[in-house]
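The values are calculated or read from the model by the stated rules, or taken from the named source; none is laboratory data. These numbers come from a predicted model, not from an experiment. FYI the Cβ positions are ideal-geometry reconstructions off the backbone, even for glycines, and counts take in every protein chain you see.
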Amino acid sequence: MWLIVVALLAGLAVGARGILPEQCLNQLDRIMMVTLFVMLVALGAQIGGNAQLLTSLGVLGWRAVVISTYSIVGSVVVLWMVARCIPVSGKGDNT
Amino acid sequence: MALWITVAVLGGMLLGWAVIPPTLVDTLDGMINGILAFLVFLVGVDIGRNREALLSVRRMGFKILLVPAAIGAGSLLGAAAAGCFLTMPVKELLAVGAGFGWYSLSGVLISSTYNLELGTTAFLANVIRELMAFVLIPMLVPYTGKLAAIAPGGATTMDSTLPLITRATDSQTALIAFVSGLVLTAAVPILIPLILAM
């Protein structure tokens, strides 16, 4: 698990210091995209190869809808309450 | 983008179901771990090199960090509240909520470090969050104000939902949304392992 955190911190350090050559950075989006798609196909393959999981997709989908709905409501309510403490929010309301 | 993501996952599912032998499916786990670490490293590079965002935090002061803090705290509180309707451990609810709409990372991260069932749930929940954000952000502006309207976007306000936010609000809110998405994006790979280790 810590591999992920270490990877993120290493990336932040490398990015902030600008160690990587320009050509590398120009390709960053494309490299990330390809990596992402390889990973998603692999994730799909794991799900597809798991017969038990396939039969429970309906239940998982329902859970997903409930959790995401509540997460969104929670985030809007808390940010709405906090927003009045943030000075910049007022200045932007000029429409 | 969302279409291609769905195609990739469905294509992978078809491969796993019909083509790849079960023994090979098990070895996918290690492979995914390696690719995931590489991707998170790249995300770090992308965030780290963004001096514009760092400068805007400095200009607006650290109060700007209240925005991602509020979105993150609200998302986790909401996910925990979903426990009233679902028989799932709070820890699992929080881990799914801590994806903040970043479905690709949260799904794979939870699958590889916890279990595939929760990872799939996280993937679906965060895809749904992003899709709902596209619909909700413009709708919320008149009711909650511009700033609170960006909350459904979570971590996606630095990329996929940013163009929409720019149109639905103003450039200042869009900049705050970008910084907020950046902070939440960096928080996902830290929070999820922490929550699952509870």
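Residues in the range A:27-34 include none that are crowded, with 19+ Cβ neighbours inside 10 Å, assigned to a helix (DSSP H, G or I) and either on the phi > 0 side of the Ramachandran plot or at the interface with chain B (Cβ under 7 Å from one of its Cβ atoms) (or both).
A single entry from B:Phe85, B:Phe134 fulfils the requirement of being facing chain A (nearest Cβ under 7 Å) and either more than 30 Å from A:Gly49 (Cβ to Cβ) or more than 19 Å from the chain's Cα centre (by Cα) (or both): B:Phe85.
Among the residues that make up the range B:176-192, is at least one of them within 30 Å of A:Ser56 (Cβ to Cβ), in contact (Cβ under 8 Å) with a residue 40 or more places away in the chain, of a type outside the set (Gly, Ala, Ser) and assigned to a loop (DSSP other than H, G, I, E, B)? Taking every residue of the range B:176-192 in turn, none turns out to be within 30 Å of A:Ser56 (Cβ to Cβ), in contact (Cβ under 8 Å) with a residue 40 or more places away in the chain, of a type outside the set (Gly, Ala, Ser) and assigned to a loop (DSSP other than H, G, I, E, B). Please work out which residue is farthest from B:Leu162 (Cα to Cα), limiting yourself to the range B:22-43 and to residues that are more than 7 Å from every other protein chain (Cβ to nearest Cβ) and over 22 Å from the mean Cα position of the chain (by Cα). Applying the filter and picking the extreme gives B:Thr23.
Only one residue in A:Ala16, A:Ala10 is in contact with a Gly (Cβ under 7 Å, 6 or more places away or on another chain), over 26 Å from B:Thr113 (Cβ atoms) and hydrophobic (A, V, I, L, M, F, W, C), so which one is that? Going through A:Ala16, A:Ala10 in turn, the sole match is A:Ala16. Residue check: is A:Gln52 surrounded by fewer than 17 Cβ atoms within 10 Å (Cβ to Cβ), at pLDDT below 95 and part of a helix (DSSP H, G or I)? Answer is yes for this residue.
Inspection of the range B:44-66 finds no residue satisfying the criterion of being under 13 Å from the mean Cα position of the chain (by Cα) and either at pLDDT below 95 or farther than 19 Å from A:Gly74 by Cα (or both).
Out of curiosity, is B:Thr185 of a type in the set (Ser, Thr, Tyr), within 25 Å of B:Ser112 (Cα to Cα) and out of contact with any Cys (no Cβ under 9 Å at 6 or more places or on another chain)? For B:Thr185, the condition - of a type in the set (Ser, Thr, Tyr), within 25 Å of B:Ser112 (Cα to Cα) and out of contact with any Cys (no Cβ under 9 Å at 6 or more places or on another chain) - is met.
Got a sec? Which helices (runs of 4 or more DSSP H) wholly within the range B:1-103 have at least 1 residues that are buried (at least 24 other Cβ atoms within 10 Å of the Cβ)? It comes to B:2-14, B:22-48, B:66-81, B:90-97. Taken over the range A:57-71, the criterion of being facing chain B (nearest Cβ under 7 Å) and either closer than 26 Å to B:Gly12 by Cα or touching a Ser or Thr at 6+ places or on another chain (Cβ under 8 Å) (or both) is satisfied by A:Leu60, A:Gly61, A:Arg63, A:Ala64, A:Val65, A:Val66, A:Ile67, A:Ser68, A:Ser71. Filtering the range B:131-157 to residues that are crowded, with 24+ Cβ neighbours inside 10 Å and modelled with pLDDT under 90 leaves nothing. Looking at B:Val96, B:Val90, B:Val19, can you tell me which residue is more than 7 Å from chain A (Cβ to nearest Cβ) and under 15 Å from A:Ser71 (Cβ atoms)? It is B:Val90. Applying the condition of being more than 9 Å from chain A (Cβ to nearest Cβ) and in contact (Cβ under 8 Å) with a residue 60 or more places away in the chain to the range B:61-82 and asking which residue is nearest to A:Cys85 (Cα to Cα) yields B:Leu65. Go through the range B:145-160 and report how many residues are more than 10 Å from chain A (Cβ to nearest Cβ) and over 12 Å from the mean Cα position of the chain (by Cα). Of the residues in the range B:145-160, 0 are more than 10 Å from chain A (Cβ to nearest Cβ) and over 12 Å from the mean Cα position of the chain (by Cα). Scanning the range A:1-39 for residues that are under 17 Å from B:Ile32 (Cβ atoms) and among the basic types (Lys, Arg) yields a count of 0. The residues of the range B:4-16 that are at the interface with chain A (Cβ under 8 Å from one of its Cβ atoms) and free of Cβ contacts under 8 Å to residues at least 24 places away in the same chain, listed by number, are B:Trp4, B:Ala8, B:Leu10, B:Gly11, B:Gly12, B:Met13, B:Leu14, B:Leu15, B:Gly16.
Would you be able to say whether some residue in the range B:139-159 is of a type in the set (Lys, Arg), in a helix (DSSP H, G or I) and free of Cβ contacts under 8 Å to residues at least 40 places away in the same chain? Checking the range B:139-159: not a single residue is of a type in the set (Lys, Arg), in a helix (DSSP H, G or I) and free of Cβ contacts under 8 Å to residues at least 40 places away in the same chain.
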